[in-house]
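Worksheet for the structure shown next.
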Amino acid sequence: MSRTTRHWPWIAAFALGYGALALAVDNEYYQLIMTVVLVWAVMGLAWNLLSGYSGLISFGHAAFFGLGAYFVALIQLTWGISPWFGIPLAALLGGIAGLVVGVPTFRLRGHYFALAMLAYPLALLYVFEWLGYQEIAVPMVRDAPAAYMQFDDGRVYVFIGLGFVIAAMLVTRLVENSRFGMCLLAIKQDETAAEAAGIDTLAWKLRAIVLSGAMAAAIGGFYAVVQLVVTPLSVFGVLVSAQALIVAMFGGVGTVWGPVIGAVTLVPLSAWLDAEFAERLPGIQGVIYGIAIVAVVMLAPEGLFWKVRDIVRRRGAGAARVKPAAAAARLVAAGANGLRVGDERAGRTVLSVAGLSKSFGGLKAVDDVSLEVRQGEIVGIIGPNGAGKTTLFNLLNGFIAPDAGEVLLDGRSIVGKAPNRICRGGVGRTFQIVKPFRRMSIADNVVIGAYVRADGDPHARALAAAAIAAVGLSDAAESIAGSVSNEQLRLMELARALASKPTILLLDEIFAGLAAAEVEGLMQVIRRLAALGITIVIIEHTMQAMVQLVDRFIVLDHGAVLATGSPETVTTDPAVIEAYLGSKWLENA
């Protein structure tokens, strides 16, 4: 049974319970509150689809909400088009608006993105006021009012709103448990690692804002029908975006239940307090939302859902085992599952670098570096701190553009290509500081890497399982990455790179923080990877291990190649000893 299927009973139970409560309520004001709860639940889900899953905080969802509200009201007022048709058209308009907003705005990061998103609803507020639409009343229809979504019984609106919520929850669940959702979560947790794993981050973020904008515009259209009056401040105001954000953050971001929990809790509470105390305490509604968000930020930064889930998981957590010693044998089976690169062209040049240079201001980080790497080799790049090793890796997989030089992968230039395209071309990467997607399981982390080569989710899962077995993490596959040891994180990141079936692996200080026995187990895995035909370039300071592991060294000093050759040749080179190894190396060798 899939995770989506398992959630059907809970969604159905919520729908039945809320529907039964609506049938029991005959007070018109309470019926309106129940409808408004559902409006903000959908608006929270819309915000969550973008910000909750991708981590890009939006203060501008009122732009989509307001466009939907005005669109539905104006087309009925002007052309007599029913909201039954107007709301789907509003969703289409919201999706288009999301694309128009996303293309320029996704160039920004962090608070710059949030502030840019805030500008859109504020601009639209003034535009609609300037156009003379300070107040638009939805026309009342006397003949066949149901055809225009107008009902005497307020409970009908509750059930229509409930339909919107169920649809939004199901869409969110489908996204959450698909490649779409996993890519967004990866972007949220570490966009650099997501790009290195082959995720086209811009494309997935654009898909998210289109779907999010469509959902927000649709519920904005419904809100106009319920309220009967639309004003710029009521649909484009800052509080509209803030309320969507607050209900999602209070209940839990990045989950289908968070916005629903937030709306069901906060909207009735604020409405009751406003009705009871507004005369004596004006603005009490805003105060409640403010207190709620401060409390959540302090006590449960990701919301109630995640706080409760983490407590439950900690109580039920068991120790997961790592078996790197057995990994070498498992790699033979892994090769049979499609991880083997093949040796039909063994010895060919996989990576060719010529005249590669990069400066940062007056600092020459990489200076006219040229090198070649052949299939199946294990090449070690060594040198003192600041020699340019990690900068060289960043140039090779597209995180930095070179000032000069050429990089050929299997004879094709990769200079100027995005990291995700270079990954798809056959370059896998691990990082000096490990970059897990901490909220995901080890298995899901590795699936992210497998999507580059998979033709569907089952294929991605199969590739991931093979890669996980290859590094000896099968027993820990369902452990959450944020709760495992450094050794497991290093192995997981290697498996994630391996699952993309790379031609060449760039390993940046993969032994960092590992004990001697752990280093030995990981060395066995790396040797077997090379036996499968995977070419490996490794940066490392653990020289005793590197001498045993690599076929050839490339020594960098001040960004330039100082020496190349076998471990025996390089470790006895006086220039290398002076620049990097030191005289004690000869004494201990």
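The values are calculated or read from the model by the stated rules, or taken from the named source; none is laboratory data. Because the structure is predicted, anything quoted here is derived from the model rather than measured. Virtual Cβ from ideal backbone geometry, glycine too; neighbours counted across all protein chains shown.
Would you call G426 in contact with a Pro (Cβ under 8 Å, 6 or more places away or on another chain) and either in the same structural domain as G55 (by TED's automatic domain parsing) or crowded, with 22+ Cβ neighbours inside 10 Å (or both)?
Numbers: in contact with a Pro (Cβ under 8 Å, 6 or more places away or on another chain): yes; either in the same structural domain as G55 (by TED's automatic domain parsing) or crowded, with 22+ Cβ neighbours inside 10 Å (or both): yes.
Yes.
Quick one: which of K435, K417 is over 19 Å from I554 (Cβ atoms), in contact with a helix residue (DSSP H, G or I) (Cβ under 7 Å, 6 or more places away or on another chain), at pLDDT 90 or above and assigned to a loop (DSSP other than H, G, I, E, B)? Step through it out loud before you land on a result.
Working: K417 fails: in contact with a helix residue (DSSP H, G or I) (Cβ under 7 Å, 6 or more places away or on another chain).
Being over 19 Å from I554 (Cβ atoms), in contact with a helix residue (DSSP H, G or I) (Cβ under 7 Å, 6 or more places away or on another chain), at pLDDT 90 or above and assigned to a loop (DSSP other than H, G, I, E, B) holds for just one of K435, K417, which is K435.
Just name the residue that is nearest to F511 (Cα to Cα) out of those in segment 382-405 that are part of a helix (DSSP H, G or I) and over 25 Å from the mean Cα position of the chain (by Cα). Quick ask: steps written out before the conclusion?
To start, the set of residues in segment 382-405 that are part of a helix (DSSP H, G or I) comprises 389-396.
Right, trim to over 25 Å from the mean Cα position of the chain (by Cα) and you get 389, 392.
On the way: K389: 15, L392: 19 Å.
Top of the filtered list is K389.
State whether the residues of segment 464-475 include one that is on the phi > 0 side of the Ramachandran plot and out of contact with any strand residue (DSSP E or B) (no Cβ under 7 Å at 6 or more places or on another chain).
Just the residues of segment 464-475 that are on the phi > 0 side of the Ramachandran plot, to begin with: 472.
Narrowing the set further to residues that are out of contact with any strand residue (DSSP E or B) (no Cβ under 7 Å at 6 or more places or on another chain) leaves 472.
Yes, there is a match, as at least one residue in segment 464-475 is on the phi > 0 side of the Ramachandran plot and out of contact with any strand residue (DSSP E or B) (no Cβ under 7 Å at 6 or more places or on another chain).
Give L74, L45 a once-over and let me know the one that is closer than 30 Å to D143 by Cα and in a helix (DSSP H, G or I). Break it down stepwise before answering.
Working: L45 fails: closer than 30 Å to D143 by Cα.
Checking each option against the conditions leaves just L74.
Quick one: which residue in G213, G198 is farther than 27 Å from L124 by Cα, in contact (Cβ under 8 Å) with a residue 12 or more places away in the chain and surrounded by 24 or more Cβ atoms within 10 Å (Cβ to Cβ)?
On the way: G213 fails: farther than 27 Å from L124 by Cα.
Step by step, each of G213, G198 is checked, and only G198 is farther than 27 Å from L124 by Cα, in contact (Cβ under 8 Å) with a residue 12 or more places away in the chain and surrounded by 24 or more Cβ atoms within 10 Å (Cβ to Cβ).
Here are some residues: Y53, Y70. Which one is buried (at least 17 other Cβ atoms within 10 Å of the Cβ), aromatic (F, W, Y), at negative phi and at pLDDT below 95? Write out each step before concluding.
Working: Y70 fails: at pLDDT below 95.
Matching residue, one of Y53, Y70: Y53.
Identify, by number, the condition in (1) under 21 Å from A216 (Cα atoms); (2) out of contact with any Pro (no Cβ under 8 Å at 6 or more places or on another chain) that I187 doesn't meet.
The failed condition is (1).
List every residue pair whose Cβ atoms sit under 7 Å apart, with the two residues 6 or more apart in sequence or on different chains, where the first one lies in segment 48-69 and is touching a residue at least 24 places away in the same chain (Cβ under 8 Å) and the second, anywhere, is hydroxyl-bearing (S, T, Y) and in a loop (DSSP other than H, G, I, E, B).
That search, which allows pairs on different chains as well, returns L50/S58; S51/S58.
Check W47, W130 and return the single one that is aromatic (F, W, Y), more than 28 Å from P145 (Cβ to Cβ) and in contact with a His (Cβ under 8 Å, 6 or more places away or on another chain).
Details: W130 fails: in contact with a His (Cβ under 8 Å, 6 or more places away or on another chain).
It is W47.
Just checking, how many residues over segment 101-116 are in contact (Cβ under 8 Å) with a residue 60 or more places away in the chain and either of a type in the set (S, T, N, Q) or surrounded by 14 or more Cβ atoms within 10 Å (Cβ to Cβ) (or both)?
3
Would you mention how many residues in segment 430-465 are charged (D, E, K, R) and touching a Lys or Arg at 6+ places or on another chain (Cβ under 6 Å)?
Step one: of segment 430-465, the residues charged (D, E, K, R) are 435, 438-439, 444, 453, 455, 457, 461.
Imposing the further condition that a residue be touching a Lys or Arg at 6+ places or on another chain (Cβ under 6 Å) reduces the set to 453.
Within segment 430-465, residues that are charged (D, E, K, R) and touching a Lys or Arg at 6+ places or on another chain (Cβ under 6 Å) number 1.
Confirm whether R461 is within 22 Å of T349 (Cβ to Cβ), charged (D, E, K, R) and in a helix (DSSP H, G or I).
Numbers: within 22 Å of T349 (Cβ to Cβ): no; charged (D, E, K, R): yes; in a helix (DSSP H, G or I): yes.
In short, no.
When the residues of segment 385-400 are filtered to those that are among the small types (G, A, S) and within 17 Å of A560 (Cβ to Cβ), which remaining residue is surrounded by the most Cβ atoms within 10 Å (Cβ to Cβ)?
Step one: filter segment 385-400 for residues among the small types (G, A, S), giving 386-388, 398.
From what is left, the residues that are within 17 Å of A560 (Cβ to Cβ) are 386-388.
Numbers: G386: 14, A387: 23, G388: 25.
Among those residues, the one meeting the criterion is G388.
In the list A62, A46, A90, which residue meets the criterion of being crowded, with 23+ Cβ neighbours inside 10 Å and out of contact with any Gly (no Cβ under 7 Å at 6 or more places or on another chain)?
Numbers: A62 fails: out of contact with any Gly (no Cβ under 7 Å at 6 or more places or on another chain); A90 fails: out of contact with any Gly (no Cβ under 7 Å at 6 or more places or on another chain).
It is A46.
If only one of L124, L93 is under 21 Å from V42 (Cα atoms) and modelled with pLDDT of 95 or more, which one is it?
Going through L124, L93 in turn, just one is under 21 Å from V42 (Cα atoms) and modelled with pLDDT of 95 or more: L93.
Tell me, which residue of segment 127-146 that is free of Cβ contacts under 8 Å to residues at least 60 places away in the same chain and assigned to a helix (DSSP H, G or I) is farthest from the chain's Cα centre (by Cα)?
The extreme case among them is P145.
Can you work out which of the residues in segment 511-543 that are touching a Pro at 6+ places or on another chain (Cβ under 8 Å) and of a type in the set (A, V, I, L, M, F, W, C) is surrounded by the fewest Cβ atoms within 10 Å (Cβ to Cβ)? Reasoning before the result, please.
First, the residues of segment 511-543 that are touching a Pro at 6+ places or on another chain (Cβ under 8 Å): 518, 521-522, 524-525, 534.
Now restrict to residues that are of a type in the set (A, V, I, L, M, F, W, C): 522, 525, 534.
Details: L522: 24, V525: 22, I534: 27.
Only one residue tops the list, namely V525.
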